[in-house]
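A short worksheet on the structure shown next.
The values are calculated or read from the model by the stated rules, or taken from the named source; none is laboratory data. Just so it is clear, the structure is predicted and the values come from calculations on it, not from any experiment. Neighbour counts are summed over all protein chains in view; Cβ atoms, including those assigned to glycine, are modelled from backbone coordinates with ideal geometry.
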Amino acid sequence: MNDNRLGTAVSPYLRLHADNPVDWREWGPAAFAEARERDVPVLVSVGYATCHWCHVMARESFSDPEIGELLRRDFVAVKVDREERPDVDASLMASASAFTQQLGWPLTAFTTPEGRVFFAGTYYPPTQVGQVGSFRQVLAAVLDAWQERRHEVDANAGAIATAIRQGAEADAAARGGGTGDGVGPRLPSVDAIRAVTAQLVSAEDTTYGGFGGAPKFPSAPLLEFLADVGADGDEIAGALRDRSLRAIRSTELTDADGGVFRYATKRDWSVPHYERMLYDNAGLLAIAGAEQARGIADFLRDTLRRPDGAFVAAQDSESTIDGRRVEGDWYRLPLDERARFAPPPLDDQVLTGWNGLAIRGLALAGARHRDDEMIALARGAADAVLAAHVQDGHVTVRSSTAHGTSSAPPTIEDVGLLAEGLLELALVTGEVRYAVTARSLVDDGLAGSFAVDPVLHAAGTATGEQPQTALRSGTVALASAAATTAALTGDGALRTAAASMVADRARTGTERPLGHADALGVALALQRSSREVVVVSPDPDDPMRAVAHGARRPGTVVASVTPPQARAWADAGFSLFAGRDGAAPAAYVCHDHVCALPAHTGDELADQLR
């Protein structure tokens, strides 16, 4: 009898598997208690709703009644949406790295009833291909080890869990700040950070642009780091960023509607992996030129935006064309022909952190390119997420869909990315309410009060947030938000806390920038003395506003407000705005809240900023 329990899941990925002839369970203590009672291993299959190879494995293996019967008899089968449960995915990925360096999704992990991984891989075909065994062969081998060599299974699982626990403890100690000698967090020097540019220049694909060979990713955090170093005066870094963005914009990686695909399978950016993720597009928005940013914003508005203003997570790579489920064919049609077919489906999760990243990207791009619609889109997403996912200044929901609210707890990704996005929106619009909520989120994040999954806690395999190459880190975003809040309030303890959060990651990044580039950018800002630029003017088109936003660089915070807004900021405890609500338009250039005489024209402000 089929006992698949995914029909009521909130996650769209889990619901895709609700009709499988597999007795799927959601991740949680109940599934592992069942495995203990039956004394069987646990298969944990991790993926996400728009993952092409997840779809392939579902059709080939999880739709097979015989596979379903094997799993029903000899395993407890658990489905995990990596977007809904990044904590579980990070832990399983760390364990899987003991068996393969070709990590990705679908992730196929086998654990003991205590939740400790003893074998893992990724996609397995229905029949053996070269040295890659079939999924049936893998199941048979795992079951044989479980039944005949249990001591080896337990020893492997224990060793992997110990390594993960030790790594998590080392990370926690590093995040605690300090070097052990009482001198506080040790950030890499400005010279060490800027020297990373030489590494990236040597890694550039000078023929096709970007970095490395195939597959080739847009790597928004890496490009934003180059933008930061370029704004700090390194023309080589700025030019490298521009070449990479040009390659992304002018090749098949960018669709005709402006949206950017997750990666290209070929070195020349051709043959994209056609799924389109909110986080890639949002990350590129923060640094893209006017035309490229406009195209991405149009994609977010027309495809990923819900009626309430929030953005869903992704669009699938597959669609149904002439009755066949195919990858990429819809995207290869000219724009005017696509309307004849249903578009690829959406992963309709609203993720708090990913929306925070979109709010940030839209706010930054809107201010830089003087595009009011982008700022309006950022405001719409912020208001929708605040209404549904935040209560009394605290993130209470990580993920929601039309089917309800996920029970998955909010993570540092949700708190950090949303705080950073709200602050950028507040600085652009002058609306202090966004900054007030962001300050509360920063306090929550620094308190570290994040729920640890009970299964991971019992197994000793909770890793905390791991560095990523495609998505800005929640830890880094929280550090950035703390530093910005310090600049607005004069609270130096927040700046010290920010340095503590990124110091270890940034030092690692000077040698291995991929995965740590976002930390390098924040570290560069923290190594510069704080500079605050405040424009107070009732005129939204005041030339001083454009001059101020053009002065953004690492270590500089720019705010544009009207006189009433300046009073509201000051009343809310943001001391940078105290006494700056005069009737005449003025701009203030400050260093650690010590300000020069006000400028009253764009030219005067430009002179001060030089």
Note to self: Tell me yes or no: at least one residue of segment 523-532 is assigned to a loop (DSSP other than H, G, I, E, B) and under 19 Å from E420 (Cβ atoms).
What the structure shows: yes
Note to self: Step by step: first the residues of segment 533-546, then only those that are surrounded by 20 or more Cβ atoms within 10 Å (Cβ to Cβ) and under 24 Å from G421 (Cβ atoms), then the one that is modelled with the lowest pLDDT. Which residue is that?
What the structure shows: R545
Checklist line | Single residue of D39, D23 found to be modelled with pLDDT of 95 or more, under 29 Å from S317 (Cα atoms) and not basic (K, R) | finding: D23
Check: So A486 clears everything in (1) closer than 16 Å to G555 by Cβ; (2) at pLDDT below 95 except one condition, right? Which one?
Finding: (2)
Margin query: If the requirement is being surrounded by 22 or more Cβ atoms within 10 Å (Cβ to Cβ) and within 26 Å of the chain's Cα centre (by Cα), which of these qualifies: V76, V42, V80, V56?
Written below: V80
Checklist line | Meets criteria (of a type in the set (D, E, K, R) and either in a helix (DSSP H, G or I) or at pLDDT 95 or above (or both)) for R495 | finding: yes
Notebook entry, point to check: Going by the structure shown, is A161 over 22 Å from G509 (Cα atoms) and either at pLDDT 95 or above or not polar (S, T, N, Q) (or both)?
Noted result: yes
Check: Do you know which residues across segment 189-207 are surrounded by fewer than 17 Cβ atoms within 10 Å (Cβ to Cβ) and more than 16 Å from L514 (Cβ to Cβ)?
Finding: S189, V190, D191, T206, T207
Next item on the list: Report whether or not A378 is under 16 Å from R305 (Cβ atoms) and either within 20 Å of the chain's Cα centre (by Cα) or among the hydroxyl-bearing types (S, T, Y) (or both).
Entry: yes
Next item on the list: Could you check N4 against (1) more than 24 Å from S317 (Cα to Cα); (2) in a helix (DSSP H, G or I) and say which number it fails?
Entry: (2)
Notebook entry, point to check: Restricting to segment 411-465, what's the tally of residues that are touching a helix residue (DSSP H, G or I) at 6+ places or on another chain (Cβ under 7 Å) and part of a helix (DSSP H, G or I)?
Noted result: 32
Note to self: Restricting to segment 295-315, count the residues that are crowded, with 18+ Cβ neighbours inside 10 Å and more than 15 Å from R276 (Cα to Cα).
What the structure shows: 2
Item checked: Flag for S244 being touching a strand residue (DSSP E or B) at 6+ places or on another chain (Cβ under 9 Å), modelled with pLDDT of 95 or more, assigned by TED's automatic domain parsing to the domain that holds A198 and within 20 Å of P554 (Cβ to Cβ) -> yes
Notebook entry, point to check: How many residues are buried (at least 20 other Cβ atoms within 10 Å of the Cβ) and part of a helix (DSSP H, G or I) if we restrict to segment 387-410?
Noted result: 1
Notebook entry, point to check: Restricted to segment 58-102, and to residues that are in a loop (DSSP other than H, G, I, E, B) and touching a helix residue (DSSP H, G or I) at 6+ places or on another chain (Cβ under 8 Å), which residue is farthest from S407 (Cα to Cα)?
Noted result: A98
Item checked: segment 453-501, residues that are surrounded by fewer than 23 Cβ atoms within 10 Å (Cβ to Cβ) and either basic (K, R) or free of Cβ contacts under 8 Å to residues at least 40 places away in the same chain (or both) -> H457, D491, G492, A493, R495
Note to self: I'm trying to understand the selection: among the residues of segment 101-144, which are surrounded by fewer than 17 Cβ atoms within 10 Å (Cβ to Cβ) and over 19 Å from H52 (Cβ atoms)?
What the structure shows: Q101, T127, Q128, G130, Q131, S134, Q137, A140, A141, D144
Item checked: Top-ranked residue of segment 1-39 - restricted to ones that are charged (D, E, K, R), touching a residue at least 40 places away in the same chain (Cβ under 8 Å) and over 24 Å from S95 (Cβ atoms), ranked as surrounded by the fewest Cβ atoms within 10 Å (Cβ to Cβ) -> D3
Next item on the list: Could you check, for segment 330-338, whether at least one of its residues is out of contact with any Leu (no Cβ under 6 Å at 6 or more places or on another chain), surrounded by 15 or more Cβ atoms within 10 Å (Cβ to Cβ) and touching a residue at least 24 places away in the same chain (Cβ under 8 Å)?
Entry: yes
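Every residue, every condition in (1) surrounded by fewer than 17 Cβ atoms within 10 Å (Cβ to Cβ); (2) among the hydrophobic types (A, V, I, L, M, F, W, C); (3) farther than 30 Å from V190 by Cβ, yes or no:
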site	(1), (2), (3)
V229	no, yes, no
D257	yes, no, yes
H273	no, no, yes
M277	no, yes, yes
Next item on the list: Provide a single number: the residues in segment 272-325 that are of a type in the set (D, E) and without any contact (Cβ under 8 Å) to a residue 40 or more places away in the chain.
Entry: 1
Check: Within segment 216-241, can you find the residues that are modelled with pLDDT of 95 or more, farther than 18 Å from D518 by Cβ and not in a helix (DSSP H, G or I)?
Finding: K216
Note to self: Of the conditions (1) at pLDDT 95 or above; (2) more than 29 Å from the chain's Cα centre (by Cα), M1 satisfies every one except a single condition; which number is it?
What the structure shows: (1)
Check: Going by the conditions given, is S319 more than 28 Å from L386 (Cα to Cα) and either modelled with pLDDT under 95 or among the basic types (K, R) (or both)?
Finding: yes
Next item on the list: Please indicate, with yes or no, whether at least one residue in segment 507-515 is buried (at least 23 other Cβ atoms within 10 Å of the Cβ) and touching a Lys or Arg at 6+ places or on another chain (Cβ under 9 Å).
Entry: no
Next item on the list: Starting from segment 84-112, take each residue that is touching a residue at least 40 places away in the same chain (Cβ under 8 Å) and list its partners that are assigned to a helix (DSSP H, G or I) and of a type in the set (D, E, K, R), counting only C-beta distances under 8 angstrom and pairs at least six apart or across chains.
Entry: P86/E413; L107/D89; T112/D154
Checklist line | Within segment 284-300, tally of residues that are part of a helix (DSSP H, G or I) and either more than 19 Å from the chain's Cα centre (by Cα) or closer than 21 Å to A214 by Cα (or both) | finding: 7
Checklist line | Index of the failed condition, P343 passing every other in (1) at pLDDT below 95; (2) outside the structural domain of A483 (by TED's automatic domain parsing) | finding: (1)
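Table: residues versus (1) more than 14 Å from R301 (Cα to Cα); (2) touching a helix residue (DSSP H, G or I) at 6+ places or on another chain (Cβ under 6 Å); (3) in the same structural domain as I287 (by TED's automatic domain parsing).
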position	(1), (2), (3)
Y331	yes, no, no
I359	no, yes, yes
L362	no, yes, yes
A367	yes, yes, yes
D383	yes, no, yes
L386	yes, no, yes
D392	yes, no, yes
Checklist line | Extreme residue, farthest from R495 (Cα to Cα), among residues of segment 466-480 that are in a loop (DSSP other than H, G, I, E, B) and among the hydroxyl-bearing types (S, T, Y) | finding: T469
